[in-house]
Each structure stands twice: as C-alpha cells, then as structure tokens.
Amino acid sequence: MNEIELSAWLDDYRENAEKIHSVANQIKKINGRLGIGGVTIEQVEILNNNIITILNNWVDSAYVGKRKEKVLKRAYQAFFEALYEWLFCLKRIPDENIQRFVDEALFQGTLYRYLGYGDCKDNIEEQIEPKYDKYYVSWSKKEKNSYFESKLYGTITHITCELKNMHYGIDLNAFGVGRENEQEVLFPTIKDTITNIEYIERDCSEAE
C-alpha cells in the first residue's frame with residue numbers, strides 16, 4: 001500500500017483521478033480484511049493519510065459555481081462510496097475512540113446547499129433546479145453563507161435537506177478537514193431528503 005500525493009494544478013486532473021481511484025481500492029481491501037484481523041497499523045496509518053490528502057484536495061480544488069471534470073467526478077464518487085462503507089465497517093469495531101469518531105463522521109440532521117452561476121452570463125436569471133442523482137456533493141450545516149452568495153451570479157437556488165433514518169452524510173469536521181465557516185458535509189442530492197427549495201433573485205452587481 002502506497003501513500004499518495006495529489007497535484008494542486010487543475011490540468012493534472014487525470015493523474016489525480018487515477019490516484020483517487022487507487023485509494024478507493026485501498027479502502028475496499030482494508031474493509032475486506034477488518035473482520036479477519038488482516039490489517040497492520042502501518043496500513044491503517046497510510047490509508048488515513050491518503051484519505052485526508054483526498055479530502056483536503058476536494059476542499060481546496062472546489063470553486064463556487066464550477067463543475068469538476070467528469071473523470072475526476074467519477075473518481076471522487078468511487079472514493080466517497082468506499083469511504084462511506086469504511087465508516088460502517090469501523091462502526092462494528094468495539095472500541096470507544098473509534099465509535100466516537102464514527103458517530104461524528106456519520107452525520108444526520110439538516111443540511112443546506114447553494115446552486116448558482118459562477119460567471120455573469122446572459123442566462124443567469126434562469127432558475128437552476130436540483131439534479132437528483134447518486135453523486136456526492138458538498139452541503140453545509142450552516143443555513144446561510146455570505147461567501148457563497150458573494151461568489152454566485154443571478155438567481156441562486158438554496159436547498160434544504162434532512163438526513164434521517166438510513167441516510168447519513170460524511171462530516172468533514174470529523175476528519176479535521178474543511179473551512180471552519182463552511183461546516184461541510186458530503187451527501188448526494190436525493191429527492192426524498194429535500195424539504196425546501198428557495199430561489200434568490202440577484203443581478204451581476206450583487207456578486208463580488
């Protein structure tokens with residue numbers, strides 16, 4: 001098992017995607033060995049470092065109103081799906097510290113998300129409807145975020161969702177990752193969880 005490094009350059013997204021996929025596979029292998037005690041402390045440390053590296057890259061490479069390249073989007077999805085399963089594998093380990101971490105990492109409650117235009121274009125008055133699919137995206141535990149609102153042009157879509165029952169988000173605070181003012185949680189946009197959609201009308205002059 002190797003420790004990875006990810007490039008900060010946007011043009012290196014294909015190379016980064018390959019490395020992110022490799023860590024998703026590392027997680028799957030560890031998940032398969034946890035129940036039979038076939039995991040070393042060194043392997044767990046490398047895996048933890050790789051997870052933090054990828055989560056930091058996710059946060060640092062996120063640009064408000066901009067979409068990720070498809071190959072990178074698929075790589076992150078494979079990683080987040082594996083990470084989600086890893087957390088539930090850890091949930092079966094009878095260790096107080098591990099259980100405390102898992103309880104913090106698996107979030108249930110109310111989340112909020114902004115959708116909008118990253119550039120001042122002619123069609124910025126069109127409402128952006130939520131796209132319901134399996135892909136993990138960034139949500140926030142904070143209802144309002146003035147930074148996001150300042151970076152988006154035109155009509156902003158503000159979504160509220162409620163995670164309960166079998167729905168859990170991945171709370172980045174548990175990993176010590178993310179910007180303090182964002183309180184970021186990862187979760188797909190699932191229609192059954194959406195409780196409110198609000199459209200905020202603005203013009204180009206209102207964004208920085």
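The values are calculated or read from the model by the stated rules, or taken from the named source; none is laboratory data. In this text, all values refer to a predicted model and were calculated from it rather than measured experimentally. Methodologically, a virtual Cβ is constructed for each residue, glycine included, from the backbone with ideal geometry; neighbour enumeration extends over all protein chains shown. The accessibility values were calculated without ligands, DNA or RNA, using every heavy atom of the protein model including side chains. Shrake-Rupley method; radii C 1.70, N 1.55, O 1.52, S 1.80 Å.
Here are a few things to note about the model shown:
- Only residues that are in a helix (DSSP H, G or I) and at positive phi were counted across the stretch 1-42, and they come to 0.
- The strands (runs of 3 or more DSSP E) falling completely within the stretch 128-208 that include 1 or more residues that are at pLDDT 85 or above and surrounded by fewer than 16 Cβ atoms within 10 Å (Cβ to Cβ) map to 153-163, 194-200.
- Unmet criterion (only one of (1) basic (Lys, Arg); (2) in contact with a helix residue (DSSP H, G or I) (Cβ under 8 Å, 6 or more places away or on another chain); (3) within 19 Å of residue 188 (Cβ to Cβ); (4) in a helix (DSSP H, G or I)) for residue 73: (2)
- Among the residues of the stretch 12-43, the ones that are among the hydrophobic types (A, V, I, L, M, F, W, C), closer than 30 Å to residue 69 by Cα and over 19 Å from the mean Cα position of the chain (by Cα) come to 1 in all.
- Exactly one residue among 17, 62, 24, 8 is modelled with pLDDT under 90, surrounded by 13 or more Cβ atoms within 10 Å (Cβ to Cβ) and closer than 21 Å to residue 172 by Cβ, and that residue is 62.
- Restricting 23, 39 to residues that are free of Cβ contacts under 8 Å to residues at least 12 places away in the same chain and hydrophobic (A, V, I, L, M, F, W, C) narrows the list to 39.
- Among (1) in contact with a Ser or Thr (Cβ under 8 Å, 6 or more places away or on another chain); (2) exposed (fewer than 13 other Cβ atoms within 10 Å of the Cβ), the one test that residue 38 misses: (1)
- Residues of the stretch 31-57 satisfying the condition of being of a type in the set (A, V, I, L, M, F, W, C) and in contact with a Cys (Cβ under 9 Å, 6 or more places away or on another chain): 34
- Within the stretch 104-130, residues that are more than 23 Å from residue 195 (Cα to Cα) reach partners that are of a type in the set (Phe, Trp, Tyr) with beta carbons closer than 6 Å, at six or more positions or on different chains, in the pairs 120/153; 124/117; 124/153.
- Filtering the stretch 103-120 to residues that are open to solvent by 30 Å² or more (accessible area, probe 1.4 Å) and either of a type in the set (S, T, N, Q) or assigned to a loop (DSSP other than H, G, I, E, B) (or both) leaves 108, 110, 119, 120.
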